[in-house]
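Engineer: There's a structure below that I have some questions on.
The values are calculated or read from the model by the stated rules, or taken from the named source; none is laboratory data. Remember, it's a predicted structure, so these values are computed and weren't measured experimentally. Glycine also receives a Cβ, built like all others from the backbone with ideal geometry; neighbour counts cover every protein chain displayed.
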Amino acid sequence: MKSFNDSYAESEEVFKPKFERLVELIGKSRRMTVFTGAGVSTLSGIPDFRGKHGVYNDPWQGMDVEEIISMTFFRRQPDIFYKWAKDVWYRLEDYEPNIVHRTLAKLQSKGYLECVYTQNIDMLHQRAGSTVYEVHGSPEFHHCTRCGAVYGYDEIAPIVLRDEVPHCTRCGGVVKPDIIFYEESLREDILNRAWQDFSSTDLCLVLGSSLTVQPAASLPMLARRNGADVVIVNAQPTPQDRGATLLFKDLLQTFEALNAWLDK
């Protein structure tokens, strides 16, 4: 499987003592919370948005991608949005959960992990077996922008792949994925739950996130302010590295080791 991730693996003498400290923290944690970003998805071959291979880097047919996924643009030109989204958000079945998704699900099944929050919209955490809260939503469900009728991904994806705009079968309104677009607010119920979970966690793992998109990026900071150990695994530096208990660069290296530790 093609990966958009470059290797940032550390030498054994650097990695091993940090990993031993990580499993010590996991072993003693009573409430571990995980926050994942686009770097996790790249291991499954999904390009991220802001990295060097990210979809934000190049215009799409002369248009700024960040403009295309704004509510103003969607209301005005849903046909253009769906043409862009067809190959980005409506071929998710082409991708499989990777070792990070699978290991997090294993951690949860073994009782180490309390909950997973993700910025990703690809539904791979669910497919791996995790209970997950999607901070930015997902295309699992769609709704009619006129009457609110709800549709599933499996109903809408074939329509989009035919280069058609999905319309409501009840009222004819345009159907939109339940993904948080620019100019939309995060779901209040998920945000409130996140504030509670990150305030009460004693160990927070940040995986593959640049920690630049607010307000989601403030959640690990909230954990640290309430006394939690924060472990960041990300190829590039983040604004919160200085306050982290541990820093790792390579998700694959870290989670291959963590998966092996769980299987002992």
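Engineer: Could you name every one of the helices (runs of 4 or more DSSP H) located completely within segment 63-125 that has at least 2 residues being among the hydrophobic types (A, V, I, L, M, F, W, C) and either touching a Ser or Thr at 6+ places or on another chain (Cβ under 6 Å) or more than 26 Å from VAL175 (Cβ to Cβ) (or both)? Spell out how you get there, then give the answer.
Structural biologist: Values: elements: 65-68, 71-76, 78-89, 99-109.
Filter on segment 63-125 gives 99-109.
Engineer: Which ones in segment 128-151 are of a type outside the set (Phe, Trp, Tyr) and either over 29 Å from CYS115 (Cα atoms) or more than 20 Å from the chain's Cα centre (by Cα) (or both)? Let's see the steps before the verdict.
Structural biologist: Going through segment 128-151, the residues of a type outside the set (Phe, Trp, Tyr) turn out to be 128-132, 134-140, 142-150.
Within segment 128-151, HIS143, CYS144, THR145, ARG146, CYS147, GLY148, ALA149, VAL150 meet the criteria.
Engineer: Please work out if THR131 is under 30 Å from VAL23 (Cβ atoms), surrounded by fewer than 16 Cβ atoms within 10 Å (Cβ to Cβ) and either assigned by TED's automatic domain parsing to the domain that holds CYS171 or modelled with pLDDT under 95 (or both).
Structural biologist: yes
Engineer: Determine which single condition GLU183 fails, assuming it passes every other condition in (1) on the phi < 0 side of the Ramachandran plot; (2) in contact with a helix residue (DSSP H, G or I) (Cβ under 8 Å, 6 or more places away or on another chain).
Structural biologist: (1)
Engineer: Please count how many residues of segment 7-51 are among the β-branched types (Val, Ile, Thr), more than 13 Å from LEU207 (Cβ to Cβ) and in contact with a Phe, Trp or Tyr (Cβ under 6 Å, 6 or more places away or on another chain).
Structural biologist: Going residue by residue through segment 7-51, those that are among the β-branched types (Val, Ile, Thr) are 14, 23, 26, 33-34, 36, 40, 42, 46.
After this cut, where a residue has to be more than 13 Å from LEU207 (Cβ to Cβ) as well, the list is 14, 23, 26, 46.
Keeping just the survivors that are in contact with a Phe, Trp or Tyr (Cβ under 6 Å, 6 or more places away or on another chain) gives 23, 26, 46.
Going through segment 7-51 one residue at a time, the tally reaches 3.
Engineer: Working carefully through the options ARG162, ARG193, find the one that is more than 19 Å from ALA85 (Cα to Cα) and charged (D, E, K, R). Walk me through how you get there before you give the answer.
Structural biologist: Numbers: ARG162 fails: more than 19 Å from ALA85 (Cα to Cα).
Testing whether each residue is more than 19 Å from ALA85 (Cα to Cα) and charged (D, E, K, R) leaves just ARG193.
Engineer: Limited to segment 192-245, what total is found for residues that are crowded, with 17+ Cβ neighbours inside 10 Å, of a type in the set (S, T, N, Q) and either without any contact (Cβ under 8 Å) to a residue 60 or more places away in the chain or not assigned by TED's automatic domain parsing to the domain that holds PHE15 (or both)?
Structural biologist: 2
Engineer: Can you find a residue in segment 161-173 that is in a strand (DSSP E or B) and modelled with pLDDT of 95 or more?
Structural biologist: yes
Engineer: Another question, if that's okay. Filter segment 176-191 down to residues that are touching a strand residue (DSSP E or B) at 6+ places or on another chain (Cβ under 8 Å) and closer than 24 Å to ASP64 by Cβ and give me whichever is surrounded by the most Cβ atoms within 10 Å (Cβ to Cβ).
Structural biologist: That would be PRO177.
Engineer: Does ARG162 qualify as being out of contact with any strand residue (DSSP E or B) (no Cβ under 9 Å at 6 or more places or on another chain), free of Cβ contacts under 8 Å to residues at least 40 places away in the same chain, farther than 30 Å from LEU25 by Cβ and not hydrophobic (A, V, I, L, M, F, W, C)?
Structural biologist: So ARG162 fits the description; yes.
Engineer: Contact list please: Cβ distance under 6 Å, first residue in segment 99-112 and of a type in the set (Gly, Ala, Ser), second residue part of a loop (DSSP other than H, G, I, E, B), pairs at least six apart or on different chains.
Structural biologist: ALA105/GLY129; ALA105/SER130
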